[in-house]
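**Q** My structure is below; once you've seen it, I'll send some questions.
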Amino acid sequence: IEAITGTGNGGDEDNGIGESVGNGDAPTSSKRSKKGGAAAAGVGPQSQRKLLLEAGRGIAKEKTDVQAAFLWTCYSHAMKMKDADFSDDDKFHADHFYAPGNDKKKKKKVEAKKNKDMEASMATFLKGGALSSVKRLKKWKYTGSPMVIIVCLSARRAVQILKQLSPLNVRAAKLFAKHMDVEEQITMLRTSSFGIAVGTPNRLLKLFEIGGSEEGKGALSLDGTELVVIDNQEDSKAFTVCTLNDTAPDLMQFLNKAVVPQMRKRQTLKLAMF
């Protein structure tokens with residue numbers, strides 16, 4: 001992370017990858033630390049981009065401080081590329097993220113099955129402690145603002161996640177291009193409540209921006225949302241939703257417009273890497 005963000009000795013703040021994510025204070029795995037040390041002597045934008053892509057692979061299994069540093073790097077880079085205003089005051093920290101095993105009653109069980117669960121089922125992941133309450137999820141009545149929003153790489157991946165969620169027996173909104181058009185999704189969000197929404201970055205961003213009953217608001221709201229899960233499934237070239245050029249810009253814009261403003265106002269909205 002240090003090599004990517006320019007916090008090492010040879011970092012270049014203007015390389016287009018992003019700026020410091022904590023002046024080197026975010027702990028990393030030994031593997032990532034070695035990469036950072038090797039690159040600190042001076043790496044160009046292309047090398048740093050490669051490091052960013054490598055950091056994104058398996059990020060869901062890293063500690064939350066590493067996840068926070070990685071996501072902030074992606075986010076700040078995207079904001080710079082858009083010449084958009086953003087503040088270091090909004091920097092992501094470990095406590096913004098759900099960490100499997102925080103619940104002491106479930107800690108041993110979750111830790112023992114952590115890798116298997118995260119690879120096997122989104123339902124298991126959510127029931128393992130990511131949700132504040134499964135009962136509240138099933139009784140969710142907040143129209144237009146799902147309790148959980150899951151962001152996926154593609155419509156195909158979103159369909160896979162929906163299948164994984166079936167054991168929860170909860171209504172899930174399909175917020176991606178396949179199956180439904182934007183107008184149908186707008187109507188659905190304005191008239192119904194969903195405990196979970198599964199979507200792709202572009203469609204989620206669009207629904208947040210348009211279709212609301214009030215001027216300037218979208219059909220999708222995060223006013224009541226408690227968890228945003230970033231699904232880091234890798235494509236055939238090992239890109240994720242955070243690093244693929246087709247999805248990363250929209251994801252970072254969605255974070256900027258929908259998620260970060262809510263995190264400024266309250267501590268009841270969490271992020272999670274799956």
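**Q** Every residue in the range 227-241 that is touching a strand residue (DSSP E or B) at 6+ places or on another chain (Cβ under 7 Å) and not β-branched (Val, Ile, Thr), please.
**A** Start the filter on the range 227-241 by keeping residues that are touching a strand residue (DSSP E or B) at 6+ places or on another chain (Cβ under 7 Å), which leaves 227-232, 241.
Within the range 227-241, Leu227, Asp231, Asn232 qualify.
**Q** Scan the range 117-142 for residues that are polar (S, T, N, Q) and either open to solvent by less than 70 Å² (accessible area, probe 1.4 Å) or modelled with pLDDT of 95 or more (or both) and jot them down.
**A** Across the range 117-142, the qualifying residues are Ser121, Thr124, Ser133.
**Q** Could you name every one of the helices (runs of 4 or more DSSP H) located completely within the range 158-266 that has at least 1 residues being open to solvent by 20 Å² or more (accessible area, probe 1.4 Å) and farther than 30 Å from Lys80 by Cα?
**A** Values: elements: 182-191, 201-209, 248-254, 260-265.
Answer list for the range 158-266: 182-191.
**Q** Working only within the range 80-94, note down all residues that are open to solvent by 80 Å² or more (accessible area, probe 1.4 Å) and among the basic types (Lys, Arg).
**A** Passing the criteria: only Lys82.
**Q** Name the residues in the range 145-157 that are outside any strand (DSSP E or B) and touching an Asp or Glu at 6+ places or on another chain (Cβ under 8 Å), would you?
**A** Ser145, Met147, Cys152, Leu153, Ser154, Arg157
The values are calculated or read from the model by the stated rules, or taken from the named source; none is laboratory data. Everything numeric here is computed off the predicted structure, so don't read it as measured data. Methodologically, a virtual Cβ is constructed for each residue, glycine included, from the backbone with ideal geometry; neighbour enumeration extends over all protein chains shown. The accessibility values were calculated without ligands, DNA or RNA, using every heavy atom of the protein model including side chains. Shrake-Rupley method; radii C 1.70, N 1.55, O 1.52, S 1.80 Å.
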